[in-house]
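Okay, so here's the structure we're looking at.
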Amino acid sequence: MTSRRTRSSTPAATAPEGGLPARAASALKPLDRHDRDLFALRLARSREDLFGPLARLYGHRPDYAAFADDLVGVIAEGWAARPEALRRLDLARDLEPDWFLRETMVGYVFYIDRFAGTIPGVVDRLDYLEELGVTYVHFMPCLKPRPGDSDGGYSVMDYRQVDPRYGSMDDLERAAAALRARGMSLCVDLVLNHTAKEHDWALKARAGDPVYQAYYRMFDDRTLPDAYEATLTEVFPAHAPGNFTWYPDLGKWVWTTFNEHQWDLNWENPRVFLEIVDVMLFLANRGVEVLRLDAVAFLWKRMGTRCQNEPEVHDILQALRAACRIAAPAVIHKAEAIVSPRDLVPYLGAGVHAGREGNLAYHNSLMVQFWSALAARDTRAMAYVLRTHFPTHFRNATWATYLRCHDDVGWAVTDEDAAALGLSGPAHRAFLADFYEGVFPGSFARGALFQSNPGTGDKRSSGTTASFCGLETAVAEDDRPGIDTAIHRILMGHALIAAFGGIPLIYMGDEIGLLNDRTYLDDPDKAHDSRWMHRPAMDWAIAARRTDAGTVEGRLHDGIATIMRARKAAPHLHADSPTEILDPGVDGVFAFRRASPLGALIGLFNFTESWRAVPAAFAAASGATDFVDRLTGAVVVPSDGMIPLPPYARIWLT
Ligand code: GLC
């Protein structure tokens, strides 16, 4: 619906030297010379990154020059309001721009109430995070959600307030400072695709204000919605079918991709861009260091497409990034785009956006392929997909690697990739859904379906890492060897995400093997959404057993803490070291090389419950020299020229 235009990207109003628009000049006036200079230099550094994409998005509009002036004003106001401690952090980060790429980074993710009740409660638990070596702490959605069902907090009614059940914005600011003092960065969700229908903008729109109606996508009749629906898919087909909702009082259809209460923002309106920059800098100035930009694939709509991953999305994301880099350069952006491999890579910056877009993105493919290989005891698809579709590294960006998160697992194995390995896409996807539901004969996993769509045959899966790995089944059957095996699967997975490249994210409770939680079924606001099954509350009584080496919790916690310590001691794992997928030629073994200036680190992972062996000559040819396993510190001694790999073995060979 919108054509892409090119045009001189730097509007007159932002010309250098005395050319600052009035709003920006007045915001900067109270600052001292040094801080004004810093602003000018950082604006100059990022001007093209900012206005290049914005000119493509909005340059054709008659109000573009005024918008550009306002934007520089909003950014200047953000900088003027930036607290002293954060300006210092900005300088530190300018001096070490690779801070988030380092092997020392380890992430931990939780819902505040489920981890520690409140934000001050989290601050009291920081020793626990330190034990795991955590440097990056993701508070799952914590901004004020709508009352009742809020899609786990992703239906936000006020971006400038914290969920009152968790505390206040002051608490958040204090928590950010407490984290920072321990070398931990706070990550917070910023939902870009939609607001709650109770957000102030939506309320004004609903009351008939045309200025705010233009913040959303509204239609008087079904003509356009029907035309869009012809190519759209459904995100929540089971509980929120369709992409539009009719409001009789408003007399309009509203675009609601996710739930009815989540109204899609209209990013074709530059005022939406301005508002979000303002919110972004507000959060940055509270001490947030990582903004997790939610559901970014959906930001731009184009008739005749799925309205996902459109090129304009990348212009928006680059421009948001540039705005932040001017006023809050300590802050990085993480894109949440759970899309196919081809569409995923650009979120870390491709082509004109290379080095200028997201700093982090979830490695959804690695996650899906891990579970697929674990169920099939076959790593060929994993190796094929990761080798074929992904670059070995990025510029100024890297992955967030993870085994599980708060969302379902969608079995994103494409028909083409399956066919390349002689598999049927639909049959393999159905196998995975059955396997992780626990209904496939012989499956070790326990889980539940999420949003099965009889129309498309699509089935997604819910379950915790431990339950997916077989711990729940083994515990229920008091099967000791089964428990051992499940522990090895969990540790193998964490050793994989800790070495693959990027920041490994531990999902709260995985370090002590928390199982599926079925209590969500008793809560009417949650019962329709099986994702709550794998969002259990922290059980601190169970966690207390982590120091007892004889318990499951003790083995898992120690195992994961050891993996993270080994990661921090292996500079080979800096995210700038390319990740090259290897072919050891052994069934069920996945291998990659991290090529670093210090030499190679070879990761070997046995995805089966039987012994495997990899030729020592293969490891040597791949660059292993001293044959030290960096996970254990032990020298690996080949036998008959082979490196033995016990069931679910993981080795980081240098
Ligand atoms: C993201 C979140 C998911 C949420 C959706 C809509 O995908 O991870 O939990 O339902 O966005 O905000």
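Readers should treat all values here as calculations from the given coordinates under stated rules, not as data from a laboratory. These figures come from a predicted structure and were not determined experimentally. Positions of Cβ are generated from backbone atoms using ideal geometry, with glycine treated the same way; all protein chains shown enter the neighbour counts.
Computed over all pairs of different Cα atoms, the Kirkwood value for the hydrodynamic radius of the stretch 513-649 is 17.9 Å. Where the alpha-carbon atoms of the stretch 140-248 are placed on the principal axes, they occupy 55, 30, 22 Å, in descending order. Dividing the mean sequence gap of close Cα pairs (under 8 Å, 6+ apart) by how many residues the stretch 572-653 holds gives a relative contact order of 29 percent.
If you take the Cα centroid of the stretch 388-437 and the Cα centroid of the stretch 476-530, the two points sit 18 Å apart.
What the Cβ-Cβ distance of Ala476 and Glu48 gives, at R0 = 45 Å and to the nearest 0.05, is a FRET efficiency of 0.15. Where both bridge residues fall in the stretch 80-191, DSSP classifies roughly 25% of the beta bridges as antiparallel. The value given for the chain is a Kirkwood hydrodynamic radius of 25.7 Å, derived from the mean inverse Cα-Cα separation. Only DSSP H runs of four or more residues enter the estimate; each adds -39500 (n - 2.57), and after division by the residues of the chain the mean residue ellipticity at 222 nm equals -11000 deg cm²/dmol.
Candidates Ala323, Pro341, Ala569 compared by Cα position along the dipole of the chain: farthest toward the positive end lies Ala323, with charges placed on Cβ.
Could you work out the local net charge near Ala433, counting Lys and Arg as +1, Asp and Glu as -1, over the other residues with Cβ closer than 13 Å to its Cβ? Mind dumping the intermediate values first?
Numbers: positive: Arg429, Lys459, Arg460; negative: Asp408, Asp434, Glu437, Asp458.
Every neighbour counted, the sum reads -1.
Here the gap between Arg377 and Ala65, fully extended at 0.36 nm per residue and compared with their Cα-Cα distance, gives a gain of 106.5 nm. Quick check: the distance between the Cα centres of the stretch 246-278 and the stretch 170-217, to the nearest angstrom? The two parts, judged by their Cα centres, are 14 Å apart. Bridge orientation summary for the chain: considering DSSP beta bridges with both residues in this region, about 60 percent are antiparallel.
The stretch 572-653 gives an Rg/Rh value of 0.94, both radii derived from C-alpha positions and Rh following Kirkwood.
Against the empirical 2.2 N^0.38 Å (N residues), the stretch 438-493 has a Cα radius of gyration ratio of 1.27. Extension gain, Trp540 to Arg518: 0.36 nm times the residue separation minus the Cα-Cα distance gives 6.1 nm. Taking 7 Å steps out from each Cα toward its Cβ at Thr562 and Ala85 produces label points 3.7 nm apart. How about the stretch 313-405: which trypsin sites (Lys or Arg not before Pro) there are in a DSSP loop, with at most 15 other Cβ atoms within 10 Å of their Cβ? Of the trypsin sites (Lys or Arg not before Pro), the ones in loops of the stretch 313-405 whose Cβ has at most 15 other Cβ atoms within 10 Å are Arg377, Arg395. A cut-off under 11 angstrom between Cβ atoms defines the neighbours of Asp529, and their net charge, with Lys, Arg +1 and Asp, Glu -1, is -3. The length gained on full extension between Phe282 and Arg387, counted as 0.36 nm times the residue separation minus their Cα-Cα distance, comes to 33.8 nm. If R0 is taken as 41 Å, the Cβ-Cβ distance between Val635 and Leu421 corresponds to a FRET efficiency of 0.70. Summed over all non-identical Cα pairs, the Kirkwood treatment of the stretch 206-358 gives a radius of 16.7 Å. Simple spin-label estimate for Ser452 and Phe440 gives 1.5 nm between the two label positions (7 Å along the Cα-to-Cβ direction from each Cα).
Of the residues Pro584, Ala621, Ile602, the one whose Cα sits farthest towards the positive end of the charge dipole of the stretch 572-653 is Ile602 (charges of +1 on Lys and Arg Cβ, -1 on Asp and Glu Cβ, taken about the Cα centre). FRET efficiency for Leu41 and Ala181, Cβ-Cβ distance as r, R0 = 25 Å, nearest 0.05? Plugging the Cβ-Cβ distance into 1/(1 + (r/R0)^6) gives 0.30.
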